[in-house]
Amino acid sequence: MYQTARIGIVSISDRASSGVYQDQGLPALKQWLTDALYNPLEFIERLIPDEQPVIEQALIELAAQCSLLLTTGGTGPAARDVTPEATLAIADKVLPGFGEQMRAVSLKYVPTAILSRQVGVVRGNCLILNLPGQPKAIKETLDGVFAAVPYGIDLIGGAYLETREDIVKAFRPKSAIKPSQTG
Amino acid sequence: MYQTARIGIVSISDRASSGVYQDQGLPALKQWLTDALYNPLEFIERLIPDEQPVIEQALIELAAQCSLLLTTGGTGPAARDVTPEATLAIADKVLPGFGEQMRAVSLKYVPTAILSRQVGVVRGNCLILNLPGQPKAIKETLDGVFAAVPYGIDLIGGAYLETREDIVKAFRPKSAIKPSQTG
Amino acid sequence: MYQTARIGIVSISDRASSGVYQDQGLPALKQWLTDALYNPLEFIERLIPDEQPVIEQALIELAAQCSLLLTTGGTGPAARDVTPEATLAIADKVLPGFGEQMRAVSLKYVPTAILSRQVGVVRGNCLILNLPGQPKAIKETLDGVFAAVPYGIDLIGGAYLETREDIVKAFRPKSAIKPSQTG
């Protein structure tokens, strides 16, 4: 029996939220998570514009209910890109390794990954990660850093996530592995 | 026809600005940029001491007129090194990927690159990067990160920079390339 | 004649400081430093709980007396992990390259290194580095970043450290090497 996990997914885009084009971020996030995790998943979704107070409010609401909260979009250098500002504003702790490593992973694919300002933070019992906007970059980034996510969520008191090893091999110290749930 | 680009270059050094030795930072910056860019360039130069208010004032003045602003010097751990403090103080947005990647590039050459506190930030329509003080390290750093600079400047509304591919191959998504200017 | 160096070592752990288990951090730090440095060393030690005001007080006291101050423990994402917060609160300057590179080194061994929030900072004439809690990770991290430490301490006016090259080869620019001390 795997523990049910509630995961917040937030797509942040002026154009997608106003219907100028079809949001591709939320489907990409759901697809990757469904493929990678054995846990039954309950998604809570938001599609919102690049407005810092709106983003902060969404993050606060979803972090209170979720073990993991992924955003997509709004991490570039343009004036309207404020996802990192909103995420930092509601954070209890910043985990700088996620920003560093998400950029390092993306840099293998594209030199402009340097321009991304994405961050990873903790709020309460929820780990929040800013992901890129493009479905391809979402997958590359999650492939690259997700191995550390389940143990990170353990440490902040969230759901016990179990991954499909052909997608991503989660790492936990031996003392943190709960063998009863993997059988 | 290439767009004329205005670029600020600021050398920050107590000794060079007081004439104790000859500044080598400004010539190194001009040389690299002239070699790397097709655009006609207008440089605005400053040679100033390691005084935070003086640096902030120079950055504010030049950022208002330039698409790109490069500093050299003052990024170490010593008490007089305050270039990053001045840069962060006048920033609208911090782009942590530049600091990370400039250090990662320099680390290939010298282990003490860890000690550099250089940052990249946006102010208005200007991208500001702190570079090392030594001409050799300036070249190594610009060789290593400049591929992301032209698109970064596009995103903040600055001049459309075009690079000589034998020096550095700028990366833009296809939708951001303006073919009319490259012929 | 090598210069005597005073080094602060601080183990931060609720359980070790209350006697629930034996502290392994301080012995690991002393072992590595004694192996790596030619200098006669004077250690000042503290074993304290994960309480931010207690950590800040210890760092302030030891930084006033030491050229180098190493902490172990308390850098994870859990609510009780507050070593980075305490270190940043008493810092004069942050050296982001240490956090980045310590995580990059640990990532070669374990994907959950992303979760570490360790920082390096300067306070007065003292370089302060947060290290992991496990003896094995302490050694891996110091092996990976110590080459930059002696010159970093030179630049802030601390003791002139000299390393055994079979353990770690310190890097200094030629102009910073004092040949009289290495004979």
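Looking at (1) without any contact (Cβ under 8 Å) to a residue 40 or more places away in the chain; (2) more than 8 Å from chain B (Cβ to nearest Cβ); (3) surrounded by fewer than 24 Cβ atoms within 10 Å (Cβ to Cβ); (4) assigned to a helix (DSSP H, G or I), can you tell me which one A:A113 breaks? The single condition A:A113 does not satisfy is (2).
Among the residues of the range B:110-136, those that are within 22 Å of B:L62 (Cβ to Cβ) and among the hydrophobic types (A, V, I, L, M, F, W, C) comprise B:V119, B:V121, B:V122, B:C126, B:L127, B:I128, B:L129, B:L131.
Note on the range A:81-110: among residues that are of a type outside the set (D, E, K, R), facing another protein chain (nearest Cβ under 8 Å) and buried (at least 22 other Cβ atoms within 10 Å of the Cβ), the one that is farthest from A:P53 (Cα to Cα) is A:Q101.
What's the total number of residues in the range C:23-44 that are exposed (fewer than 15 other Cβ atoms within 10 Å of the Cβ) and over 21 Å from C:E140 (Cβ atoms)? Final tally of qualifying residues: 3. Remark: A:L127 matches the filter, which requires a residue to be at pLDDT 95 or above, farther than 30 Å from B:I128 by Cβ and in a strand (DSSP E or B). Filtered by the rule that a residue be under 16 Å from the mean Cα position of the chain (by Cα), farther than 17 Å from B:G97 by Cβ and among the small types (G, A, S), the range B:140-183 gives B:G158, B:A159.
Here is the figure for the range A:83-107: residues that are part of a loop (DSSP other than H, G, I, E, B) and in contact with a helix residue (DSSP H, G or I) (Cβ under 8 Å, 6 or more places away or on another chain) total 2.
In the range A:134-152, of all residues being surrounded by 23 or more Cβ atoms within 10 Å (Cβ to Cβ) and touching a strand residue (DSSP E or B) at 6+ places or on another chain (Cβ under 6 Å), the one that is nearest to A:Y2 (Cα to Cα) corresponds to A:G152.
Count of the range A:136-177 residues, restricted to those that are within 17 Å of A:Q31 (Cβ to Cβ), out of contact with any Leu (no Cβ under 9 Å at 6 or more places or on another chain) and more than 10 Å from every other protein chain (Cβ to nearest Cβ), is 5. If you go through the range A:63-80 and keep only what is among the polar types (S, T, N, Q) and within 11 Å of another protein chain (Cβ to nearest Cβ), you end up with just A:T75. Within the range C:45-73, being small (G, A, S) and surrounded by 15 or more Cβ atoms within 10 Å (Cβ to Cβ) holds for C:A58, C:A63, C:S67, C:G73.
The values are calculated or read from the model by the stated rules, or taken from the named source; none is laboratory data. None of the values given here were measured: they were computed from a predicted structure. Backbone-built Cβ (ideal geometry, glycine too); neighbour counts: all protein chains shown.
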